[in-house]
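Take this structure first; my questions come after.
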Amino acid sequence: MSDTTRFALPLIEAAQAQKHVTVNEALSRIDGLMQLTLISVTGNTPPLTPQEGDTYGVGSAPVNAWSGQAGMIALYVNGGWAFVPATLGMRAYVADQNGWAGYDGADWVLGLQTLSPNGAGMVQKVIEVDHTITAGTTSAASFALPGQSVVYGVTGRVLSDITGTGLTGFSLGVAGSSNRYGSGLSLSQGSWLRGLTGTPLTYYASEDLILTGEGGDFDAGGVIRLAIHCVQFSLPYE
């Protein structure tokens, strides 16, 4: 056997010369795999100018230097690409998606928390939406609340002043409950909101998050960043 079973780390052969080359190669791979961070898990084309230590999850249809390595972990070490198998249950931080992912045996799933023997799992998500205010009594962030989700709450930050004639504040909610996630909320840039519900709410279909003006109507143009904190559930395999 020339490589280890799990991470394909090169092993020293009996009476091998230049042993330090093999040892350094193994250490470089370990360095890339410990506290694993993947730059991306969706790409199929290697970057043109990779940096030493760069690590990727290879996509399903790789080309060029990644050809034939679908689903593998690609590490750029010692000026070339080394490939390590991604295995069931591995966890990694995915940099271009800003979150932790688990490997379910086929794909990297962002927010994966639990996984049954047949692929059923619980996925925690934070979905961010930058919403530009539209003029009127209300302003809706269309379908911001995802369907088939249990929503724990919504947080937010005003990125630029929300203005309007006579406007003193706003509430945040949904159709039929205009203040579910807060009322008397500030209009000023930098202000924040944390809208929690006493009991997590299930949305079976996607719904709008609706801002409702208090004391007046909105002008167009202010921007608010909304973050929906939720859980979703994947189905077992057939």
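The values are calculated or read from the model by the stated rules, or taken from the named source; none is laboratory data. On a predicted model such as this, the values are computed, not experimentally measured, just so you know. Every residue, glycine among them, receives a Cβ derived from its backbone with ideal geometry; neighbour counts consider all protein chains shown. Quick note on the areas: whole protein, heavy atoms, side chains included, nothing else; ligands and nucleic acids left out. Shrake-Rupley method; radii C 1.70, N 1.55, O 1.52, S 1.80 Å.
Before anything else, pin down the relative contact order of the chain: Cα pairs under 8 Å, at least 6 apart, normalised by residue count, whole percent.
The value is 18 percent.
Packing-wise, with mean Cβ within 10 Å as the measure, how do 55-61, 175-181, 87-93 rank, highest first?
Final packing ranking: 55-61, 175-181, 87-93.
Just going by the charge dipole of the chain, with Lys and Arg at +1 and Asp and Glu at -1 on Cβ, which of 84, 115, 132 is farthest out on the positive end?
The residue sitting farthest along the positive end of the dipole is 115.
Relative contact order, percent, of the stretch 93-139 when contacts are C-alpha pairs under 8 Å separated by at least 6 residues?
Contact order relative to length: 21 percent.
Could you work out what % of the accessible surface of the chain is carbon and sulfur, using a 1.4 angstrom probe and leaving DNA, RNA and ligands out of the count?
53 percent
Please work out the average accessible area per residue across the chain, using the 1.4 Å probe convention, and give it in Å².
Accessible surface, normalised per residue, equals 53 Å².
Separate question: Using unit Cβ charges (K, R positive; D, E negative) and no other charged atoms, how large, in debye to the nearest 20, is the dipole of the chain about its Cα centre?
Charge dipole of the chain: 420 debye, to the nearest 20.
(1) 19.4; (2) 12.7; (3) 17.2: which one is mean projected area of the Cα convex hull in nm² as calculated from this entry?
(3)
Give, rounded to the nearest 20 debye, the magnitude of the charge dipole that the stretch 88-158 has about its Cα centre when Lys and Arg contribute +1 at Cβ and Asp and Glu contribute -1 at Cβ.
180 debye
Shifting gears a bit: So, counting K/R as plus one and D/E as minus one, what does the shell of residues with Cβ under 13 Å around residue 195 add up to?
Around residue 195, the charge tally is +3.
Right, something else. What 222 nm value per residue comes from the helices of the chain, counting each DSSP H run with n ≥ 4 as -39,500 (n - 2.57) and dividing by all residues, nearest 500 deg cm²/dmol?
Only helices count here, giving -2000 deg cm²/dmol.
So if I place +1 on the C-beta of Lys and Arg and -1 on the C-beta of Asp and Glu, and nothing else carries charge, what would the dipole magnitude of the stretch 77-210 be about its Cα centre? I want it in debye, nearest 20.
My answer is approximately 300 debye.
While we're looking at this one, here's another question. Distance between Cα centroids, the stretch 40-59 to the stretch 111-125: provide it in whole Å.
26 Å
Working out 0.36 nm times the residue gap between residue 197 and residue 232, then minus their Cα-Cα distance, what length gain in nm do you get to one decimal?
That pair, residue 197 and residue 232, stretches by 10.9 nm at full extension.
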